[in-house]
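**Student:** Dropping a structure here in structure tokens format, bear with me for questions.
The values are calculated or read from the model by the stated rules, or taken from the named source; none is laboratory data. This one's a predicted model, so the numbers in the text were calculated from it and none came from an experiment. We place every Cβ from the backbone using ideal geometry, glycine too, and count neighbours over all the protein chains shown. Areas reflect the complete protein model, heavy atoms only, side chains present, ligands, DNA and RNA absent. Shrake-Rupley method; radii C 1.70, N 1.55, O 1.52, S 1.80 Å.
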Amino acid sequence: MNAASPFSDSSRINFRDEPDFVRPGEELDAHKLESFLRSHFPSETANFLVKQFPSGHSNLTYAILLGDRKMVLRRPPFGSKVKSAHDMGREFHVLTKLHPAYPPVPQVLLYCEDDSVLGAPFYLMEPIGGIILRRNPPPGLPFTTETARGLCESFIDNLARLHSIDYGAIGLADLGKPQGYLERQVRGWIERYHASKTHVIPEVDNISHWVQQNLPSSSYATLIHNDYKFDNMVLDPADLTKIIGLLDWEMCTLGDPLTDLATALAYWVEAGDPDDLQQLRWGPTNYPGSMTRSELVQRYAESSGRDVSNMLFYLVFARFKVAVIVQQIYYRFHLGLTKDQRFASMPAVVQTLLRASWHCAQSGVI
């Protein structure tokens, strides 16, 4: 365990995510940031410290200590040209409206659109103290069969809860254009792949043709998170089956809720999946007690009351979409816009996801 820091809780074994040193090339202008923050929080006259959370591949997340106040700062990645995917003002607006109706959303504090401070817009929010599960539970953290099962149930029930929110009543009716959402998504993600293409992968054309030919009708829309997976959830340290926070709302919009479920399934690697998919596991989804993708779909149908008969299409498309997201991240590395060496192996991840997508289409198995 790391030595206690101003950001940690040293009163118990600490399984929480801890911020670390800022990665090279992702430093913030500490002088400008401190001046900006002290102008908004004048009573905080003591320490100023900036660290960075080590995970995440898109928007960057930093831990800020200003006097006795702990905050989390979010800003776009350096060098990104995909402005619509990193709209800090939009993300701040979503969190502001959503928090009162859905408490797992972080409470935001401050938004800055002045590029002269950090070179890009950013916002600050309250931290949520809890546990985030990555690929494997940290050593010593109890993760029993019963815990795994209970967490799976909470995972799906929480998604159904999010989809039940009356987005118009909380002031988010202008967040997206539900009409024609699915068709735009299919067309748009195909275009995004070709705009960031670096390798020739045969499955791309096969999948593109298949999803366009098998596009289902979509007659309803809900608020959707669009990146729903274990490592975007904060769990109660006293009860790992209880979700107390849901993070990374940058892709939230109004759209078909089954696309949200399918994105979760695209990240979900179960025990019987082949070795190449096992290497991409984003959480302990293959641990004893964990639900299969089919069981998750059935649980969602029961929790939401929605028809899930077209989930094959949604999973094929979701795996393609996740592959394109990874490709876009790699493209920044390919162009030299980021030096983060985590991105160097991403072409293999893209190929694995595309193979899994095409296999799903051919086999008809979720």
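**Student:** Please work out the FRET efficiency for the pair Asp166 and Glu302, using the Cβ-Cβ distance as r and a Förster radius of 25 Å; give the result to the nearest 0.05.
**Tutor:** 0.70
**Student:** Can you give me the % of accessible surface on the chain that is carbon or sulfur? Probe 1.4 Å, all protein chains present, nothing else counted.
**Tutor:** Ligands and nucleic acids excluded, carbon and sulfur give 50 percent.
**Student:** Shape of the stretch 180-242 from its Cα gyration tensor (a ≥ b ≥ c, root eigenvalues): rounded if a/c is under 1.5, otherwise prolate when a/b > b/c, or oblate?
**Tutor:** Oblate, since a/c reaches 1.5 and b/c is not below a/b.
**Student:** At most 15 other Cβ atoms within 10 Å and a DSSP loop assignment: could you name the trypsin sites (Lys or Arg not before Pro) in the stretch 176-237 that fit?
**Tutor:** Loop-located and lightly packed - Lys197.
**Student:** Using a basic spin-label model with each label point 7 Å from the Cα along Cα→Cβ, how many nm lie between Arg184 and Asp87?
**Tutor:** Modelled inter-label distance: 1.0 nm.
**Student:** Output the 0 to 90 degree angle, nearest 10, between the alpha-carbon long axis of helix 88-98 and the longest principal axis computed from the alpha carbons of the chain.
**Tutor:** The angle comes out at about 80 degrees.
**Student:** Over the chain, average the accessible area per residue using a 1.4 Å probe and give it in Å², no decimals.
**Tutor:** Heavy-atom SASA per residue in the chain reads 44 Å².
**Student:** With a 10 Å cut-off between alpha carbons and a GNM built on the chain, which of Ala63, Ala344, Ala323 moves the most?
**Tutor:** Sorting by GNM fluctuation, first place goes to Ala344.
**Student:** Taking 51 Å as R0, compute the FRET efficiency from the Cβ-Cβ separation of Leu337 and Leu215 and round it to 0.05.
**Tutor:** The value I calculate is 0.90.
**Student:** According to a simple spin-label model (label point 7 Å from Cα along Cα-to-Cβ), what is the distance in nm between Arg38 and His359?
**Tutor:** 5.7
**Student:** If you don't mind, there's one more thing I want to ask. Take the alpha carbon gyration tensor of the stretch 228-278, find the square roots of its eigenvalues, order them as a ≥ b ≥ c, and report rounded if a/c is under 1.5; if not, report prolate when a/b exceeds b/c, else oblate.
**Tutor:** Here the stretch 228-278 falls in the oblate category.
**Student:** Distance between Cα centroids, the stretch 107-151 to the stretch 313-333: provide it in whole Å.
**Tutor:** After rounding, the separation between the Cα centres reads 22 Å.
**Student:** Label the stretch 173-278 by shape, choosing from rounded, prolate and oblate, from the square roots a ≥ b ≥ c of the eigenvalues of the Cα gyration tensor; if a/c is under 1.5 it is rounded, and otherwise prolate applies when a/b is larger than b/c, oblate when it is not.
**Tutor:** oblate
**Student:** Still on this structure, please answer the following. Using a Gaussian network model on the chain with a 10 Å cutoff between Cα atoms, which of Lys177, Lys321, Lys97 fluctuates the most?
**Tutor:** Of the options given, Lys177 has the highest mean-square fluctuation.
**Student:** Measure nothing but the geometry: give the 0 to 90° angle between the long axis through the Cα atoms of 30-40 and the longest principal axis through the Cα atoms of the chain, rounded to 10°.
**Tutor:** 80
**Student:** Right, another one. Can you tell me the order of 43-49, 102-108 when each peptide is scored by its average per-residue count of other Cβ atoms within 10 angstrom, highest first?
**Tutor:** Result, highest mean Cβ count within 10 Å first: 102-108, 43-49.
**Student:** How do the peptides 234-242, 125-133 rank, highest first, by the average count of neighbouring beta carbon atoms within 10 Å per residue?
**Tutor:** 125-133, 234-242
**Student:** Here's another thing I want to ask about it. Can you tell me the 0 to 90 degree angle between the C-alpha axis of helix 257-267 and the longest principal axis of the chain, rounded to 10?
**Tutor:** 80
**Student:** Loop only per DSSP, at most 13 neighbouring Cβ atoms within 10 Å: give me the chymotrypsin sites (Phe, Trp or Tyr not before Pro) in the stretch 267-366, ordered by residue number.
**Tutor:** Here no loop site has a sparse enough neighbourhood.
**Student:** Between Leu124, Leu335, Leu296, which gets the highest mean-square fluctuation from a Gaussian network model of the chain, Cα cutoff 10 Å?
**Tutor:** Ranking Leu124, Leu335, Leu296 by mean-square fluctuation puts Leu335 first.
**Student:** Straight-line reach from Lys32: which lysines have Cα under 25 Å away, leaving out those fewer than 8 places along the same chain?
**Tutor:** Within the straight-line cut-off, Lys32 pairs with Lys51, Lys70, Lys81, Lys83, Lys339.
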